[in-house]
Amino acid sequence: MTTHGLTTGTHPLQRAGAGRTLYAAGLAADLLGLIALLALSSGLLTVDSFAQPAGIVAMLGFQLVANRLRSRAWWYVPLREAVPVPVRVDLLFWGVFAAAVVVTGALRTFALDGRSATFPLWVLAVVTVAMALLPSTNRPGPEPAAAWWPRCVPMLTATVALLAIGVGGRVLSPVTAAVFLAVAAGATALSRVLTRRWHRR
């Protein structure tokens, strides 16, 4: 019988077996979503205007699949007390993810001058906000929900950087960037309130 207190803080990647495989598969799905996002935003993958929204939806679909895989991976970790688990892996992963998005935005704004971009820079910023606000990976009860900030903070930081790039490259006006940032901050606050209420049920 599994009891509280066993291997407190163990992460699926720290245990050999199915849990590690599922969590790694989730990260791989996230990477596929990143590749699709960068290919679309940089213009490396040329699609018609009707296929662009489908490409974005498919990229977000990769994120949902990745979330599900990582959620399932926690079933292979012994039950622990309700304390934070190591988030260094997730923070590193999403930090690299956010950096790649920002670099792509900078290249398409300054190096490519937007000529090869499949969609405007602000769409890329919308995607980063959407990714930041996707539901956190849920661990099986009675475990607490996974920490939200290792993904949300890097992706919102990427959003701010993209807006700054847009203003600096004269792709976005300062007013538009400020309004966008205010809406993103409000959406983040609302998301946190709704998440807390959901987990109190």
Subject >> Residue in region 17-27 that is least open to solvent (accessible area, probe 1.4 Å), counting only those that are in a helix (DSSP H, G or I), farther than 14 Å from Asp90 by Cβ and not β-branched (Val, Ile, Thr) >> reply: Gly19
Subject >> Enumeration of residues in region 155-179 that are of a type outside the set (A, V, I, L, M) and open to solvent by 60 Å² or more (accessible area, probe 1.4 Å) >> reply: Thr157, Arg170, Pro174, Thr176
**OP:** Would you mind stating whether Val127 is at pLDDT below 85, assigned to a helix (DSSP H, G or I), open to solvent by less than 20 Å² (accessible area, probe 1.4 Å) and not aromatic (Phe, Trp, Tyr)?
**Re:** yes
Original post:
Does region 54-66 include one or more residues that are modelled with pLDDT of 85 or more and assigned to a loop (DSSP other than H, G, I, E, B)?
Top reply: no
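The values are calculated or read from the model by the stated rules, or taken from the named source; none is laboratory data. This one's a predicted model, so the numbers in the text were calculated from it and none came from an experiment. Ideal geometry is used to build each Cβ from the backbone, glycine not excepted, and the neighbour counts take in all protein chains shown. Each accessible area value is taken on the protein alone, full model and side chains, heavy atoms only, with ligands, DNA and RNA left out. Shrake-Rupley method; radii C 1.70, N 1.55, O 1.52, S 1.80 Å.
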